[in-house]
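Student: Mind having a look at this structure? Questions to follow.
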Amino acid sequence: MDHRCYWVGFNLVKGIGAVRMQALLDYFGSLEIAWNAPADALMSAGIPLKIIESFLQLRKDVDLEGLLAGYEERGIQVVIREDEIYPRRLREIDQAPPVLFVRGELLPEDDFSVAIVGTRRVTPYGRQVAAELASYLGANGITVVSGLARGVDAIAHEAVMKSGGRTIAVLGSGVDRIYPPEHERLAGQIIGRGAVISDYAPGTPPDSTNFPPRNRIISGLSMATVVIEAGETSGALITATFAVEQGREVFAVPGSILAPQSKGTNRLIQLGAHPLLEMHDVLEILHLQQVQEQVSARRSLPADGIEARVLDALGSEAQHIDEISIKTGLPIEQVSATLAIMELKGMIRQLGGMNYVCIREFHSLYTTDKK
C-alpha cells in the first residue's frame, strides 16, 4: 500500500494534527506501524483515549487505498511533508501541515512567493493597489499567494494571472469545495496557472473555524505578507500575525485615518510593518530584484558536490574567498567560479572585499539535502 495512505488516514482523525502525527512518527517510526497499532500502544504514544476511540472506528470503516485512488481520479494530488515537492518554506514553520491536498501544480519557483491579503469590502483605492501590486510581482517572477476570498484576494489572483504569473490559493475547505461558490471559475483558472491547496481533506465544507488556521499556510508559503486593506478585526491581520511568528516580513499599505478599511493596515505600520509606498519596495527589501535570473539559473545549473562544500564552508558567517578555499581544499580559481554561479542562483551574497555570506534558507536546504 502507498505509504501516503496512512498520512491521509490520520489526517482524517479529528484531534490528530501536526503535533500528534509527529508524536506517532517518533514513537512508532512510521505511520503504517502506527495505523495498525493496538489501542494501548497508541496510548503509550500519548494519544488521548477519546481520540483513539474515534480512530479505531475510522480505521474499521475507511478504505485507504480506495480513498487515495479516488482523489487521484479527481485530479487531487496528495503531498506529504516528506515529499520533495512539499513547499520548502512551509516545511520550515512550526507545526507544518503534514498533508496538503493539491489541484494544479507546485513548482520550485514558488519558493519566491509573496502573500497578498486584505478585506472583502475593498475600496477603489485598495482594488487598484491590489491589482497593480499583483501584476508587478507576477511580471517579476514572484508567485502570489492568497485565500480566494472576495475582495483583495480575488483581485490579486486575477491580476497576477493576467500578468502571466503564477498564483496559489489556500482554502479553508476541501479543494473540491470552492468557497465562495462564485469563485469556482476563478479556481479553475488558478489550477491552470498555479495551484489550489488545502490541508483539509476533500469534501470538507467551508466553516468559519477553518479560516484562521489556514492563514498560517498563506503566510508560511510566502517570503512576506502584504496587507492591502484591513479593518480592525480583519482576518488579514491574523495572517500578518502568523507571518511575524514565522519570521517573515510584513508590509502594509497606508491609508486614510478616516477609512475603516485602513485602520488595520495603519496599525500594522505603527507596530513595525514595512509601509508599502512603492511597488518595488517588496522586491528591494526581500532582495528579489533578480529573481527571474535566479529561477533560470536554478533550473539550468543544478547544485553539485562542489556547491555543497562551499556552503558547508560558509556556514552562517561571512567568509573571505581565501578562507573558503582553505576550508574546502579547492583551488582559488574553482572557488571563484563556483561562487559566481552561486551568487547568480541567489544562494550567496558578496559583501565586498571578496567576502561572501550564505543566504540562510539555501544553506539549510542544501545541508539537509546532503544528509
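Student: Can you give me the number of residues within the range 18-71 that are buried (at least 18 other Cβ atoms within 10 Å of the Cβ) and farther than 15 Å from Trp7 by Cα?
Tutor: Summing the residues that are buried (at least 18 other Cβ atoms within 10 Å of the Cβ) and farther than 15 Å from Trp7 by Cα in the range 18-71 gives 3.
For (1) in the same structural domain as Ser219 (by TED's automatic domain parsing); (2) at pLDDT below 95; (3) under 20 Å from the mean Cα position of the chain (by Cα), each residue gets a yes or a no:
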site: Val79; (1), (2), (3): no, no, yes
site: Glu82; (1), (2), (3): no, yes, yes
site: Ala115; (1), (2), (3): yes, no, yes
site: Gly138; (1), (2), (3): yes, yes, yes
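Student: Could you list all residues from the range 188-200 that are crowded, with 19+ Cβ neighbours inside 10 Å and either of a type in the set (Val, Ile, Thr) or under 29 Å from Val62 (Cα atoms) (or both)?
Tutor: Ile190, Ala195, Val196, Ile197, Ser198, Asp199, Tyr200 - these are the residues of the range 188-200 that are crowded, with 19+ Cβ neighbours inside 10 Å and either of a type in the set (Val, Ile, Thr) or under 29 Å from Val62 (Cα atoms) (or both).
Student: To continue, here is another question. Does the range 324-333 hold any residues that are part of a helix (DSSP H, G or I) and surrounded by fewer than 16 Cβ atoms within 10 Å (Cβ to Cβ), and which are they?
Tutor: Ile326, Ile332, Glu333
Student: While we're here: Which one is nearest to Val170 (Cα to Cα) among residues in the range 230-249 that are among the small types (Gly, Ala, Ser) and either in contact with a Pro (Cβ under 6 Å, 6 or more places away or on another chain) or not in a helix (DSSP H, G or I) (or both)?
Tutor: Ser234
Student: Could you grab me the full set of residues in the range 128-153 that are free of Cβ contacts under 8 Å to residues at least 40 places away in the same chain and in contact with a helix residue (DSSP H, G or I) (Cβ under 6 Å, 6 or more places away or on another chain)?
Tutor: Within the range 128-153, Ala131, Ala134, Ser135, Gly138, Val144 meet the criteria.
Student: With respect to Leu106, determine if the residue is closer than 16 Å to Val170 by Cα, part of a loop (DSSP other than H, G, I, E, B) and out of contact with any helix residue (DSSP H, G or I) (no Cβ under 6 Å at 6 or more places or on another chain).
Tutor: yes
The values are calculated or read from the model by the stated rules, or taken from the named source; none is laboratory data. As the structure is a computational prediction, the values presented were derived from the model and not from experiment. Positions of Cβ are generated from backbone atoms using ideal geometry, with glycine treated the same way; all protein chains shown enter the neighbour counts.
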